[in-house]
Amino acid sequence: MEYLMKAERMKLQYPLILILLLIGTLGTVMLGINSLNSENFAGFYVRGWKTFYLHMASFHGLFLYPLYAGVLASFICRYEHINGGWKQLFCLPVPRSRVYYAKLGTLMLLLGLIQLLFAGSYLLAGELLQLGNDLDVAELITGTVGGWLAILPFAALQLWVSMRLKSFVSSLILSASIVIANIVLTGLHASVGAWFPSTTAYYAMYPRGTALSPRLDVIPFILIVAATSAAYIWAGRRSLMRGAQL
Amino acid sequence: MPQLIVETKGLTRRFGEQVPVNEVNLEVPEGKIYGFLGPNGAGKTTTIKMLLGLLRADAGTIRMFGQEMPENSLDILRKVGSLVENPSYYGHLTGYKNLKILSTLLKLPDRRIGEVLEIVRLTSSADRKVSGYSLGMKQRLGIAAALLRGPQLLILDEPTNGLDPAGIQEIRHLMLSLAHDQGMTILLSSHLLSEVDTIADEIGIISSGRLVYQGALELLERRRGKVLEFAVERPEEALRTLLLQGFAVERKGNMLSVSAEKASMPQAELLKLLGPYGIMNVREISKSLEELFMELTGTGVSL
Ligand SMILES: Nc1ncnc2c1ncn2[C@@H]1O[C@H](COP(=O)(O)OP(=O)(O)OP(=O)(O)O)[C@@H](O)[C@H]1O
Ligand SMILES: [Mg+2]
C-alpha cells in the first residue's frame with residue numbers, strides 16, 4: 001500500500017498544488033481579518049482569538065475546504081484520464097481496490113496538509129494582530145482535526161465523480177455548484193444537513209455554543225458522516241473495480 | 001509440442017448488435033513470435049484487451065501460463081508486459097519519472113529503468129517531459145514500460161505505430177533478440193502482413209471478429225496459389241476447352257490466366273491441352289502473401 005501511495009505522490013503536480021494552497025490560505029486569512037474589523041460583526045463579537053477563529057473557520061469550512069476536496073480530486077484523476085493512465089494501472093499486478101485506496105489516501109493526505117496550513121496561518125496571523133490571550137487551543141485542534149475527518153464523505157464523493165468524469169472542467173463546475181448550495185444546506189439542522197456531504201466540514205469546524213452555531217447533535221452527526229463515507233467509498237471503489245474509466 | 005502461453009476457447013465479445021470478437025480460439029506457443037493480423041476494426045484490440053483483463057469477455061475462456069484469466073489476473077499480469085493501442089504516459093513528468101513510477105509500483109530496482117531506456121534508445125531524452133516527446137518517442141517509452149518488468153509474455157498492439165523505417169527495423173531486431181535469445185513469448189498485432197512476415201513464427205488472422213487462419217507462417221506460404229499465364233494464338237477456342245475441363249480461367253486479349261488453389265499445378269496437362277491453339281508464351285506468377293491475406297480477410301484487392 002505504501003508503494004502505491006508513494007507512486008501517487010510522484011505523479012502530483014506540486015507547483016500547481018502549492019500555488020493553489022497558498023492562495024487559499026492567504027484568502028482565508030484576509031477574509032478573517034476583514035470580518036474582524038468589519039462594522040457588521042463588531043457589535044456582536046469582541047475582537048479576539050475566538051472571533052477570529054469563527055470568521056476563518058466559517059469561510060474555510062463552508063466554501064474553501066470542500067472546494068479544495070473537489071479540485072484536488074479532479075487533479076489526481078486528470079493525469080490518469082488524459083493519456084491512458086488508467087489502462088496502464090489496470091495492467092499492473094496490483095489489485096484495483098488498492099489503486100482506489102491509494103488515490104483516496106493521497107487526497108486525504110493533501111486535505112490534511114490544508115488543515116495544517118489553516119491552523120498555522122490562523123496562529124501566525126493572530127499573533128501578528130496581537131489578539132490578546134483568549135486563544136483556545138483545544139477548540140482549534142478539535143476544529144481542524146474534526147474538519148479533516150468530516151471532509152471524508154465529500155472527498156470520497158468527489159473522487160468517485162472525478163473518476164467517472166473524463167472532463168476536468170465539468171467536474172470542477174460540479175464541485176463549485178455543490179459548494180455554493182452549502183449556504184442554504186448548512187442552515188438546516190445538522191441531522192438533516194449532514195446528509196449532504198459538502199456541509200460536514202463546516203458543521204465540524206464551527207465552534208459550538210455561539211449565537212450562530214449550527215444546530216448539531218454530536219452522535220447522530222458522527223453516525224451520518226460514517227454512513228455517507230462508507231457509501232461513497234463503496235461506490236468509488238466499485239467504479240474502479242468495474243473499469244468504468246476505460 | 002511446446003506449451004501454450006495464451007490459449008482462448010470460444011472467446012466472444014459483443015457491443016450491442018456488433019460482435020467484434022466471435023468465438024476466437026487463440027493459441028500462442030511458448031517462446032514464439034505470434035503475429036496477430038487483421039484489417040482495421042477486425043477485433044485485434046478488443047481481443048487483446050480481454051487477454052489483459054481490460055475488457056470482460058461475454059463468452060469463452062482465457063488461459064494464460066496455464067491459469068484462468070481474469071480469475072488469476074494478479075499472478076498472470078506479473079508476467080505480462082503490454083502496450084495497447086496508444087502508449088500511456090504522464091505528460092507533465094519526464095520519461096525517467098514515468099518509468100520510476102512504474103518501477104515503484106512493481107517494486108523493481110532503479111537499475112532496470114536505465115536498462116530499458118537504453119534498449120529503446122531514449123537515454124538521452126530521459127530527463128525531458130514526455131509531453132514534448134514525438135509520437136515515435138512516446139511509442140518507445142511505451143515499449144520500455146512494457147519491458148520494464150522483464151515479462152515472460154509481451155503483448156504489443158501495433159507497436160510500430162508512428163515509428164520511422166529505422167525505428168521499425170530496430171523494433172524488429174529487438175523482438176527477434178527478445179524471443180530467440182531470452183525466450184520471451186511475443187504477441188504482436190498489426191494490420192499489415194508485410195510488417196510481421198519477416199519476424200513472426202506463428203500467424204493468426206482475424207477478420208470481422210473471426211479467426212480465419214492460425215498456424216505457422218510456412219503453412220500460410222504453402223497455401224498461396226499460383227497463376228499460369230499463357231499467350232495463345234486462338235484464345236477463344238482455348239478458353240472454351242479449358243473451361244470444359246473445369247479450370248478456373250480468365251481471358252485478357254490473347255492471354256489466358258489459369259489459377260489454382262494448390263501449389264501443384266498440372267502444368268504438363270495444360271500444355272498438352274493448349275498445344276493445338278498455338279502457345280506463344282508461358283509465365284508462372286505467384287500470388288503475393290499480401291494478396292492471400294486480402295483474400296482471407298475479404299478486404300478485396302483495392303489498393
Ligand atoms: N467500446 C466500444 N464500443 C462499441 N464498439 C466498439 C468498442 N470498442 C471497439 N468497438 C468495435 O469493435 C470493432 C473491433 O474493434 P477493434 O478496436 O478491436 O479493432 P482492431 O482490429 O484493433 O482495429 P485497428 O486495426 O483499427 O486497431 C470495431 O468495429 C469497433 O467499432
Ligand atoms: Mg486496434
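With the convex hull of the Cα atoms taken as the outline of region A:168-225, the averaged projected area works out to 4.1 nm².
The heavy atoms of residue A:127 present about 120 square angstrom of accessible area, all protein chains included, probe 1.4 Å. Using 18 Å as the cut-off for backbone N distance, which residues of region A:223-237 belong to the label zone defined by a point 7 Å from the Cα of residue A:98 along Cα→Cβ? Under 18 Å, as judged by backbone N against the label point of residue A:98, lie A:237 of region A:223-237.
Using the beta-carbon distance between residue B:25 and residue A:246 and R0 = 25 Å, what value does 1/(1 + (r/R0)^6) give for FRET efficiency, to the nearest 0.05? E between residue B:25 and residue A:246, to the nearest 0.05, is 0.50. Ranked from largest to smallest solvent-accessible area, with a 1.4 Å probe on the protein heavy atoms, A:116, B:187, A:67 come out as A:116, A:67, B:187. Only alpha carbons enter this Debye calculation for region A:129-246, each as an equal point scatterer, and the log10 of I(q)/I(0) it gives at q = 0.10, 0.19, 0.22 Å⁻¹ is -0.37, -1.02, -1.22. The calculated pair-distance distribution of region A:120-169 uses every alpha carbon pair, bins of 5 angstrom beginning at 0, and gives 4, 16, 16, 14, 11, 11, 10, 9, 6, 2, 0 percent.
Counting Cβ atoms of other protein chains within 10 Å of each Cβ in B:101-107 and taking the mean gives 6. Near the amide H of residue B:212, within less than 5 Å, lie the amide hydrogens of B:205, B:206, B:207, all on another chain or at least 5 residues away, with H placed in the peptide plane. The simple Förster model, with R0 at 41 Å and r as the Cβ-Cβ distance, assigns residue B:269 and residue B:61 a FRET efficiency of 0.25. The share of alpha-carbon pairs in the protein assembly as shown lying farther apart than 44 Å comes to 39%. Considering only A:114, A:33, A:23, the mean-square fluctuation computed in a Gaussian network model of chain A, springs between alpha carbons under 10 angstrom, is largest for A:23. In the context of the full protein assembly, residue A:101 retains an accessible surface of approximately 90 Å², using a probe radius of 1.4 Å and ignoring ligands and nucleic acids.
Sorted largest first, the spans of the alpha carbon positions of region A:203-246 along the three principal axes are 50, 18, 10 Å. Remark: spin-label model distance residue A:223-residue A:169 equals 4.5 nm, labels positioned 7 Å along the Cα→Cβ axis. Pick from A:220, A:15, A:197 the residue whose mean-square fluctuation is largest in a GNM of chain A, springs joining Cα atoms under 10 Å. Its mean-square fluctuation being the largest, the pick is A:15. Between residue A:176 and residue A:82, the simple spin-label model (points 7 angstrom out along Cα→Cβ) gives 1.9 nm.
Over region B:225-286, Cα pairs under 8 Å with separation of 6+ residues give a relative contact order of 54 percent. Of the listed residues A:224, A:19, B:285, the order by accessible area with a 1.4 Å probe, largest first, is A:19, B:285, A:224. When its C-alpha radius of gyration is set against 2.2 N^0.38 Å (N residues), region A:1-243 gives a value of 1.05.
Distance from the C-alpha centroid of region A:1-19 to that of region B:143-206: 33 Å, rounded to the whole angstrom.
Measuring r between the beta carbons of residue B:168 and residue B:233 and using R0 = 56 Å, the FRET efficiency lands at 0.70.
A convex hull fitted to the Cα coordinates of region B:52-106 yields 99 cubic angstrom per residue.
For chain B, the equivalent ellipsoid derived from the alpha-carbon gyration tensor has semi-axes of 47, 22, 16 Å in decreasing order.
When the charge dipole of chain B is built from unit charges on Cβ atoms (+1 for Lys and Arg, -1 for Asp and Glu) and taken about the Cα centre, the candidate among B:208, B:19, B:86 whose Cα reaches farthest toward its positive end is B:86. Averaging the sequence gap over all C-alpha pairs within less than 8 Å and six or more residues apart, then dividing by the number of residues, gives chain A a relative contact order of 28 percent. Non-local lysine pairs in chain A, meaning eight or more places apart or on different chains, with alpha-carbon distances under 22 Å, amount to 8. Residue-wise HN-Hα couplings along region B:73-82, as the Karplus relation 6.51 cos²θ - 1.76 cosθ + 1.60 with θ = phi - 60° gives them from phi, are 4, 5, 4, 5, 5, 4, 9, 10, x, 9 Hz; Gly and Pro carry x. Using Cβ point charges alone (K and R +1, D and E -1), the dipole size of chain B about the Cα centre works out to roughly 740 debye.
Taking 7 Å steps out from each Cα toward its Cβ at residue B:219 and residue B:71 produces label points 2.9 nm apart. The share of alpha-carbon pairs in region B:45-152 lying farther apart than 24 Å comes to 30%. Of the listed residues A:238, B:111, B:210, the order by accessible area with a 1.4 Å probe, largest first, is B:111, B:210, A:238. Per-residue Karplus couplings for region B:149-165, computed as 6.51 cos²θ - 1.76 cosθ + 1.60 with θ equal to phi - 60°, are listed in order as 7, x, x, 8, 10, 10, 10, 10, 9, 6, x, 8, 3, x, 8, 7, x Hz, Gly and Pro entered as x. Working note: Karplus 6.51/-1.76/1.60 with θ = phi - 60° gives region A:110-115 the couplings 5, 5, x, 4, 4, 5 Hz, where Gly and Pro are set to x. Heavy-atom accessible surface of residue B:90, to the nearest 10 Å², is about 10 Å², with a 1.4 Å probe and all protein chains retained.
From the P(r) of region B:225-286, can you give the percent of Cα pairs sitting at distances over 16 Å? For region B:225-286, the share of Cα pairs beyond 16 Å comes to 33 percent.
The values are calculated or read from the model by the stated rules, or taken from the named source; none is laboratory data. Note that this is a predicted model, so its numbers are computed, not measured. FYI the Cβ positions are ideal-geometry reconstructions off the backbone, even for glycines, and counts take in every protein chain you see. These area figures cover heavy atoms from the full protein model, side chains too; ligands, DNA and RNA do not enter into them. Shrake-Rupley method; radii C 1.70, N 1.55, O 1.52, S 1.80 Å.
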